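Engineer: Quick one: the structure is below, questions incoming.
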Amino acid sequence: MTRLTRCSAAELAARIHAQDITAVEVTRTHLDRIAAVDPALHAFLHLDGPAALAAAAAVDDGLRRGDPPASPLAGVPLALKDVFTTVDMPTTCGSRMLQGWWPPYDATVTRKLRAAGVVIVGKTNMDEFAMGSSTENSAYGPTRNPWDLDRVPGGSGGGSAAAVAAFEVPLAIGTDTGGSIRQPSAVTGTVGVKPTYGGVSRYGLVAFSSSLDQGGPVARTVLDAALLHEVIGGYDPLDSTSIDAPVPPVVQAARAGATGDLTGIRVGVVSQFRGDGYQPGVRRAFEVAVSRLRELGADIVEVSCPSFDHALPAYYLIAPSECSSNLARFDGMRYGLRVGDDGGRSAEEVMSLTREAGFGPEVKRRIMLGTYALSAGYYDAYYGQAQKVRTLIIRDFAAAFDQVDVLVSPTTPTTAFRIGERVDDPMAMYLSDLCTIPANLAGNAALSVPAGLSDDDGLPVGLQVMAPALADDRAYRVAAAYEAARDDADGGPLVQRVPDLEVAAR
Amino acid sequence: MPTISRDEVAHLARLARLAVTEEELDLFAGQLEVILTSVARVGEVAAADIPPTSHAVGLTDVFRADVPRPGLTQQQALSGAYATEDGRFRVPRILDES
């Protein structure tokens, strides 16, 4: 029998709901796994075993009484990125600024997970305030990639991706502002989805760049991601940018896709995201993935999206600009850190000292960059021009989706890089987000599905599938078909080949 | 090619309420220069007649029924405060004169 930690969320839920195993047993097994491997991995910033077991016991009690499960994922353990507020656990956003902060309210995502009977075991590590592509910007130390402990798990949601890849939990929640769900998923061999902007509530998601931030699922299979997507998605009156429309039928699409037929589906390969600058092994894995889509019956065409070449610079103006405004709230007055309040200093001095002590270098860089881009004299050349590029990117997507159903590209140009390799070179770090950023700027749906291992270093590669806004189901269908074909060809899911960490941990 | 001086970075830090150190000024001036040079590429795009997009999804006014909804209690609102007094946030003096 497959070890419980190796099971998919869908399998675990089915067995829990059939009362073949208890949710308590499932949770305890995962907590044991976390205790064994997290010292080597550092995916979690906070764990609450007793609360998780109590939540699992409540699911078991309901099932014993004969109540129907609260959701298709009731009883399944999950790790929550530490950027969503939780009343029963701290919420630090990977920052010293919020060390030990216990929010007075739950995020909508948190509330929906609880209501669905999903067992939240803890909060995962992340780049400070979700700014970064390696999780090295966490004030609490980096998370390591379970495929190679000397390498980064991507970022900002490296904790969530590593926890899922290392079988600590079958499910996690991430947030994706410029690729922070998809890029970590690509480099850890997991499935990560950025839903359509507005598809998952941002209420209680600590804001970095409000017009780009989007929560979404992390899982080991496309179906698991879809099941989680339906639990957390949907209209929320507490988020004024929430879309008042039904969640796209992503579970149905994942199941349909798994039958392995993509006949008549038009897939566009983005010409801007291939060629030089991509690790050769990533390029080859991507080409193999595209041929597999063709074998499944998809029509493959090359599509040019010329404005995508300017997505990265536009993003690194828009996101820092919004960040400089959003992070002004961390002023040391009402919650969080306060430094230098000696009775003599003014509020303004205390504020400056607090922010200096509370923020790490990347957050400071982005705040200053945003302050610069928004200042008089530079606004039109930087922020204003970036907003126009954003319009052009939306138009490129619209034109592309007139010709094709989905677009594909590598998720990120390289496999996982070494810890420390890019920390002193912000621009090199930013390039990790090259292929993921356009979907954030345009607000459409996009996901990363594992596309084998790079033949030059043996590390996971991600296939990005992008779909129009509110057509998230299309990306799921294509990804599920691809996943089934890949597993057939490889003799099993890619993630099952992750090195066994219990050995590595010793 | 944009150039950003150490003094400009110090000014930005003041505007952003960051009491940065001398070493940070040296580090950030160099790094911001590299980043700004790269992001300035947005200027290559001929976009004079292109409308700006602030938000990917069209923003519309959002209304709700005019009924009271519970908010945080005073105790909850103060729960994360560094210092409180008489049920309020206690903050440092806001004026320069002591």
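Engineer: Could you list, in sequence order, the residues of the range B:1-25 that are within 18 Å of A:PHE359 (Cβ to Cβ) and charged (D, E, K, R)?
Structural biologist: B:ARG14, B:ARG17, B:GLU22, B:GLU23, B:GLU24
Engineer: Check whether at least one residue in the range B:60-74 is touching a Pro at 6+ places or on another chain (Cβ under 7 Å) and either of a type outside the set (Gly, Ala, Ser) or facing chain A (nearest Cβ under 9 Å) (or both), and report yes or no. Working first, answer last.
Structural biologist: Here is the first cut: in the range B:60-74, the ones touching a Pro at 6+ places or on another chain (Cβ under 7 Å) are B:64, B:72.
From what's left, either of a type outside the set (Gly, Ala, Ser) or facing chain A (nearest Cβ under 9 Å) (or both): B:64, B:72.
Yes.
Engineer: Moving on to the next point. Looking at A:SER240, A:SER291, can you tell me which residue is within 14 Å of another protein chain (Cβ to nearest Cβ) and free of Cβ contacts under 8 Å to residues at least 60 places away in the same chain?
Structural biologist: On inspection, the qualifying residue turns out to be A:SER240.
Engineer: Checking the condition surrounded by fewer than 20 Cβ atoms within 10 Å (Cβ to Cβ) and under 23 Å from A:GLY141 (Cα atoms), which residue from A:LEU501, A:LEU431 passes?
Structural biologist: A:LEU431
Engineer: Mind checking which helices (runs of 4 or more DSSP H) fall wholly inside the range A:400-506 and carry at least 3 residues that are at pLDDT 95 or above and in contact with a strand residue (DSSP E or B) (Cβ under 7 Å, 6 or more places away or on another chain)?
Structural biologist: Ranges flagged: A:472-490.
Engineer: Turning to a different aspect of this structure: Considering only residues of the range B:15-59 that are of a type in the set (D, E, K, R) and at the interface with chain A (Cβ under 8 Å from one of its Cβ atoms), which is farthest from A:ASP331 (Cα to Cα)?
Structural biologist: Here the answer is B:GLU44.
Engineer: State all residues of the range A:40-61 that are surrounded by fewer than 17 Cβ atoms within 10 Å (Cβ to Cβ) and either hydroxyl-bearing (Ser, Thr, Tyr) or in contact with a Lys or Arg (Cβ under 6 Å, 6 or more places away or on another chain) (or both); if no residue qualifies, say none.
Structural biologist: none
Engineer: OK, next. Just one of A:VAL83, A:VAL37 is among the β-branched types (Val, Ile, Thr), touching a strand residue (DSSP E or B) at 6+ places or on another chain (Cβ under 6 Å) and crowded, with 16+ Cβ neighbours inside 10 Å; which is it? So that I can check it myself, show each step before the final result.
Structural biologist: Working: A:VAL37 fails: touching a strand residue (DSSP E or B) at 6+ places or on another chain (Cβ under 6 Å).
The conditions single out A:VAL83.
Engineer: Okay, moving on. Are any of the residues in the range A:354-367 over 30 Å from A:THR188 (Cα atoms), at the interface with chain B (Cβ under 10 Å from one of its Cβ atoms) and touching a Gly at 6+ places or on another chain (Cβ under 6 Å)? Before the answer, list the steps.
Structural biologist: Taking the range A:354-367 and keeping what is over 30 Å from A:THR188 (Cα atoms), we get A:354-357.
Then drop every residue that is not at the interface with chain B (Cβ under 10 Å from one of its Cβ atoms), which leaves A:354-357.
Imposing the further condition that a residue be touching a Gly at 6+ places or on another chain (Cβ under 6 Å) reduces the set to A:354.
Yes; the residues of the range A:354-367 include at least one that is over 30 Å from A:THR188 (Cα atoms), at the interface with chain B (Cβ under 10 Å from one of its Cβ atoms) and touching a Gly at 6+ places or on another chain (Cβ under 6 Å).
Engineer: Could you count how many residues in the range A:397-425 are buried (at least 21 other Cβ atoms within 10 Å of the Cβ) and over 23 Å from A:ARG283 (Cα atoms)?
Structural biologist: Selection size over the range A:397-425: 1.
Engineer: Further question: Of the conditions (1) surrounded by fewer than 17 Cβ atoms within 10 Å (Cβ to Cβ); (2) modelled with pLDDT of 95 or more, B:ALA65 clears all except one; give me its number.
Structural biologist: With respect to (1) surrounded by fewer than 17 Cβ atoms within 10 Å (Cβ to Cβ); (2) modelled with pLDDT of 95 or more, B:ALA65 is out only on (2).
Engineer: Does A:PRO217 satisfy being within 14 Å of chain B (Cβ to nearest Cβ), crowded, with 24+ Cβ neighbours inside 10 Å and either touching a residue at least 24 places away in the same chain (Cβ under 8 Å) or under 21 Å from A:LEU113 (Cβ atoms) (or both)? Outline the logic, then answer.
Structural biologist: Numbers: within 14 Å of chain B (Cβ to nearest Cβ): no; crowded, with 24+ Cβ neighbours inside 10 Å: yes; either touching a residue at least 24 places away in the same chain (Cβ under 8 Å) or under 21 Å from A:LEU113 (Cβ atoms) (or both): yes.
No; evaluated as a whole, the condition is false for this residue.
Engineer: While we're looking at this one, here's another question. Residues in the range A:317-338 that are at the interface with chain B (Cβ under 9 Å from one of its Cβ atoms), outside any helix (DSSP H, G or I) and under 26 Å from B:LEU32 (Cβ atoms): how many?
Structural biologist: 4
Engineer: Now for a separate question. Can you pull out every residue in the range A:461-498 that is buried (at least 18 other Cβ atoms within 10 Å of the Cβ) and basic (Lys, Arg)?
Structural biologist: Within the range A:461-498, A:ARG474, A:ARG477, A:ARG486 meet the criteria.
Engineer: Scan the range A:157-177 residue by residue and report those that are more than 13 Å from A:GLY216 (Cα to Cα) and not aromatic (Phe, Trp, Tyr).
Structural biologist: A:GLY158, A:GLY159, A:ALA162, A:ALA163, A:VAL164, A:ALA165, A:ALA166, A:GLU168, A:VAL169, A:PRO170
Engineer: State which residue is surrounded by the fewest Cβ atoms within 10 Å (Cβ to Cβ) when the search covers only the range A:352-389 and only residues that are under 26 Å from A:THR135 (Cα atoms) and of a type in the set (A, V, I, L, M).
Structural biologist: A:ALA357
Engineer: Let me ask something additional. I'd like to check something: does the range A:306-320 contain any residue that is modelled with pLDDT of 95 or more, out of contact with any Leu (no Cβ under 9 Å at 6 or more places or on another chain) and β-branched (Val, Ile, Thr)?
Structural biologist: no
Engineer: Further question on the same structure: Which ones in the range A:339-360 are hydrophobic (A, V, I, L, M, F, W, C), part of a loop (DSSP other than H, G, I, E, B) and more than 29 Å from the chain's Cα centre (by Cα)?
Structural biologist: Once the filter is applied, which keeps residues that are hydrophobic (A, V, I, L, M, F, W, C), part of a loop (DSSP other than H, G, I, E, B) and more than 29 Å from the chain's Cα centre (by Cα), the range A:339-360 yields only A:VAL339.
The values are calculated or read from the model by the stated rules, or taken from the named source; none is laboratory data. Just so we're clear, the structure is a prediction, and the values are computed from it rather than from any experiment. No Cβ is skipped: glycine too gets one built from the backbone with ideal geometry, and neighbour counts run over all protein chains shown.
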